[in-house]
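Chemist: My structure is below; once you've seen it, I'll send some questions.
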Amino acid sequence: MKKRLQNFGLVIIALGLFLSPLAAQSVLENLSFWKRIKLAKAGDVEAQISVAADYEAGAGKIGKNLFKAASWYRKAAEQGDAQGQYKLARILHNGGKRVKKSPELAVPLYQAAAKAGNVNAIYWLGYAYQHGQGIAASPEKAIIWYEKAAAKNHPASQNNLGLIYLDGKHVKRDLGKAFEMFTKAADNGNPWAMNNLGGLYEMGWGTKTDREKAISLYQRAAKRGNEPAGKNLARLKS
């Protein structure tokens, strides 16, 4: 079992009280960075994740430090924490100041976190297989992992599956399946899926042609900063 707020745990036990995980997390969030780092040094996993996240974001006055963020995520990952494994993998995958880019080191961490059910790790493992980043490219395995994440309602995975079915390069082209995946991802707020679904409505692929729905979807995607959607919208309205 993960160590949670060890120092507070002694007080709670002495008082005969029980603190739920959500309540413990709430207590943690209300602590200063320096109190959280003491807990992190004592081995508290949630505190390690919290401190790492602050270093990664450069929260408050501590400044952004990917090296320290990776170090704290690593400590959590070494205790088997899936979030720590996933977050460390992302830093290693991208690299940064004082952190060498290494997709090869990221992939085993994605695999461990994915095995534990971390949906973001499942997605990025699929992405690594699709693009051959840190591991030999395997579109078939990419689809398997995307499907696992899509089943958990992960919008980027749903959108990527839609693209794969639309392209038809590694699976039989299925416009109906592409429409289904783009719709799910768009409903989950993914702007790329909104743009792609707008394209299907515009072209009448996998659904009936509907110019007004295409415009509406392009508008929604453009408002979320999707540049291609903005261009598509301007083209249809010209």
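None of the figures in this text is laboratory data; all of them are computed from the coordinates on show. These numbers come from a predicted model, not from an experiment. Methodologically, a virtual Cβ is constructed for each residue, glycine included, from the backbone with ideal geometry; neighbour enumeration extends over all protein chains shown.
Chemist: Normalised by the empirical 2.2 N^0.38 Å for globular proteins, what value does the Cα Rg of the range 80-150 take? Kindly include the intermediate steps, with their values, before the conclusion.
Modeler: Numbers: Rg = 11.3 Å, N = 71, 2.2 N^0.38 = 11.1 Å.
Here the answer is 1.01, to two decimals.
Chemist: Here's a follow-up. Can you give the local net charge around T207? Use residues other than it whose beta-carbon is closer than 11 angstrom to its beta-carbon, Lys and Arg +1, Asp and Glu -1. Each step should come with its number before you reach the end.
Modeler: Working: positive: K208, K213; negative: E180, E202, D210.
Residues near T207 contribute -1 overall.
Chemist: Rounded to the nearest 0.05, what FRET efficiency do A234 and D174 give with R0 = 41 Å and r taken as the Cβ-Cβ distance? Could you check?
Modeler: Step by step, r from the Cβ atoms, then E = 0.85.
Chemist: Sticking to Cα atoms, compute the Rg of the range 153-238 to one decimal and its Dmax as the biggest Cα-Cα distance, whole number, in Å.
Modeler: 11.9, 36
Chemist: Can you give the net charge of the other residues whose Cβ lies under 9 Å from the Cβ of A69, counting K and R as +1 and D and E as -1?
Modeler: After counting each charged neighbour, the total is +1.
Chemist: Going 7 Å from the Cα of R224 toward and past its Cβ, which residues in the range 189-212 have a backbone nitrogen under 13 Å from where you end up?
Modeler: Inside the label zone: 189-198.
Chemist: Label K101 and K208 with points 7 Å out from Cα along Cα→Cβ: what is the distance between them in nm?
Modeler: 4.8
Chemist: Past the 25 Å Cα-Cα mark, which pairs from K64/K223; K152/K213; K87/K152; K64/K231; K75/K97?
Modeler: K64/K223; K152/K213; K64/K231
Chemist: Please compute the length gained on full extension between E140 and I62, using 0.36 nm multiplied by the number of residues separating them and subtracting their Cα-Cα distance.
Modeler: 23.7 nm
Chemist: What's the percent breakdown of Cα-Cα distances in the chain across 5 Å bins, shortest bin first?
Modeler: Taking all Cα pairs of the chain, the binned fractions are 1, 7, 11, 13, 13, 13, 12, 10, 8, 6, 3, 2, 1, 0, 0 percent.
Chemist: All other residues with a Cβ under 12 Å from the Cβ of L161 taken together, and with Lys, Arg as +1 and Asp, Glu as -1, what is their net charge? Write down the numbers at each step before the final one.
Modeler: Numbers: positive: K148, K177, K184; negative: E147, D167, D174, E180.
Here the count lands on -1.
Chemist: Once every DSSP H run of n ≥ 4 in the chain is given -39500 (n - 2.57) and the sum is divided by its residues, what mean residue ellipticity at 222 nm do you get, rounded to the nearest 500 deg cm²/dmol?
Modeler: -22000 deg cm²/dmol
Chemist: Same structure again: Taking other Cβ within 10 Å of each residue's Cβ, how do R74, R36, R224 sort, fewest first? The partial results should precede the final answer.
Modeler: Working: R74 19, R36 22, R224 14.
Ordered from fewest to most neighbouring Cβ atoms within 10 Å, R74, R36, R224 come out as R224, R74, R36.
Chemist: N153 versus E29, label points 7 Å from Cα toward the beta carbon: distance in nm?
Modeler: Rounded to a tenth, the inter-label distance reads 1.9 nm.
Chemist: Strictly greater than 20 Å: what percent of every Cα pair in the range 101-215 meets that?
Modeler: Taking all Cα-Cα pairs of the range 101-215, the fraction more than 20 Å apart is 42 percent.
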